[in-house]
Amino acid sequence: MERNVTISSDMLEIQGFDLSPESTYPLFFLLLFVYVSLLFSNIAVLLLIITEKSLHQPMYILFCNLSVNDLIGNTVLLPQLMTHIISTERFITYNQCVIQAFHSHTFGSASHMILIIMAIDRYVAICHPLRYSSIMTTKAVIGLSASAWGVSIVLVSVLIGLTVRLSRCRSVVQNAYCDNASLFKLSCEDVSINNIYGLFFTVLLFSCSVGGMTVTYLRIALICWIKKSKELNNRALQTCASHLVLYLIMLWSGFLTIILHRFPSYPDLRKIAYILFHVIPANLNPIIYGMQTRSLRDKIIQILQRKVTPT
């Protein structure tokens, strides 16, 4: 019978987390603290890079892309998630759910694309320092950034578009948030095309991401090994360590989320993995890059000294 029933209602119910009354508010305030922290840190770094002319360099322009992506991706997810945690009624309109899924997947794919471009930037800076300024021009960085966002938006638009065309026979989102898989699971139609494109999307994104990062870092390691320069090795470690740590965190949390969608018996673990995929990189980005990047770190220290030094 379920296969023949089409739901026309615009309202959906979010399953959310199965929380005890004692854990509701601690989780709410934890997520609130995480959200306020990532807002403050990412906005502060964005304002610092925008206002300080000495930071108008390719690496920092790319870092701005990462901060903007973190702010958008988490603002779409966390406020609504916090509302649903303390609310007894967890409802969302279908259009809002589609928008959340679109921004959520754009956040993931754009993160991979931006980190690939940042790896290329580091490769040119370390392996071709004399040609760096002529290769990584402002025009080139803006073009690469626009390409990263453009490719992500196109791929995700097709992904979500294939889901929106489906009719719905269910109204409960079996998740704490809206993503593409949760949306097409609301349908009783054949979703083979969705699964095929979703597999294509995932394989393409992760192949480009892992392949690009592997090739770039192997080339950097080869150059460092051939030249055997302590200064070059230190520069490579300082500039690449933070980038690689963030990439690995994002990669494995993304893998975990995708894999757990295939195991319905672990719903809470999947929800937690997906939230961590959003909030951990967003909170670590400004901290790790701020501490690892000398120019940015020096500017932060100068501003703090100005604040605490009496005039």
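The values are calculated or read from the model by the stated rules, or taken from the named source; none is laboratory data. Just so we're clear, the structure is a prediction, and the values are computed from it rather than from any experiment. Cβ sites come from the backbone with ideal geometry, for glycine too, and all protein chains shown count toward neighbours. For the accessible areas, the whole protein counts, side chains as well, though only heavy atoms, and no ligand, DNA or RNA atoms are used. Shrake-Rupley method; radii C 1.70, N 1.55, O 1.52, S 1.80 Å.
Some points to look at:
- Measuring nothing but protein heavy atoms, the accessible surface of the stretch 133-180 at 1.4 Å probe radius is 69 percent carbon and sulfur.
- Annotation: residue 136 carries an accessible surface of approximately 10 Å², with a 1.4 Å probe and no ligand, DNA or RNA atoms counted.
- Accessible area in the full protein assembly, largest first, 1.4 Å probe, for 187, 229: 229, 187
- Accessible area, probe 1.4 Å, largest first, for residues 94, 132: 132, 94
- Since only 246, 233, 186 are under comparison, the one whose Cα sits farthest along the positive direction of the charge dipole of the stretch 179-273, derived from C-beta charges on Lys, Arg, Asp and Glu, is 233.
- 3J(HN,Hα) couplings calculated from phi for the stretch 11-18 with the Karplus curve 6.51 cos²θ - 1.76 cosθ + 1.60 (θ = phi - 60°) are, in sequence order, 8, 10, 10, 8, 5, x, 8, 8 Hz; Gly and Pro show x.
- Sorting the segments 214-220, 58-64 by their residues' average number of neighbouring beta-carbon atoms within 10 angstrom, most packed first, yields 58-64, 214-220.
- The packing ranking, built from the mean of other Cβ atoms within 10 Å per residue, places the peptides 165-174, 18-27 in the order 165-174, 18-27, highest first.
- Amide H contacts under 5 Å for residue 14, placed H, 5+ residues apart: 90, 91, 92, 173
- Heavy-atom SASA rank of 29, 255, 206 (probe 1.4 Å, accessible area, largest first): 29, 255, 206
- Computed 3J(HN,Hα) for the stretch 121-136, one whole-Hz value per residue from the Karplus formula 6.51 cos²θ - 1.76 cosθ + 1.60 where θ = phi - 60°, is 4, 5, 4, 5, 5, 8, 8, 9, x, 6, 9, 4, 5, 8, 8, 8, glycine and proline marked x.
- Dipole axis of the stretch 111-193 (+1 Lys, Arg; -1 Asp, Glu on Cβ), positive-most option in 114, 172, 156: 114
- Prolate is the label for the stretch 91-166, because a/c, from the alpha-carbon gyration tensor with a ≥ b ≥ c as root eigenvalues, is 1.5 or above and a/b exceeds b/c.
- The dipole here belongs to the stretch 118-230: it is taken about the Cα centre, uses +1 on the Cβ of Lys and Arg and -1 on the Cβ of Asp and Glu, and is about 580 debye.
- Summing +1 for each Lys or Arg and -1 for each Asp or Glu among the other residues whose beta-carbon sits under 13 angstrom from that of residue 61 gives 0.
- Size of electric dipole in the stretch 185-257: Cβ of Lys, Arg +1 and of Asp, Glu -1, about Cα centre, debye, nearest 20: 600
- Cysteine residues of the chain whose Cβ has no partner cysteine Cβ closer than 4.7 Å: 64, 127, 208, 224, 240.
- Whole-percent carbon and sulfur share, accessible surface of the stretch 202-252, 1.4 Å: 74
- Within the chain: Cβ-based charge dipole about Cα centre, in debye rounded to nearest 20 (Lys, Arg +1; Asp, Glu -1): 1320
- Pairwise Lys count, the chain - Cα closer than 28 Å, eight or more residues apart or different chains: 7
- Amide H contacts of residue 168 (H built 1.01 Å from N, in plane; Pro and chain starts excluded): 7 sit under 5 Å, all sequence-distant by 5 or more or on other chains.
- Only helical runs count toward this figure. For the chain, summing -39,500 (n - 2.57) over DSSP H runs of n ≥ 4 and dividing by all residues gives -27000 deg cm²/dmol at 222 nm.
- Solvent-accessible area per residue for the stretch 9-81 (1.4 angstrom probe, square angstrom): 49
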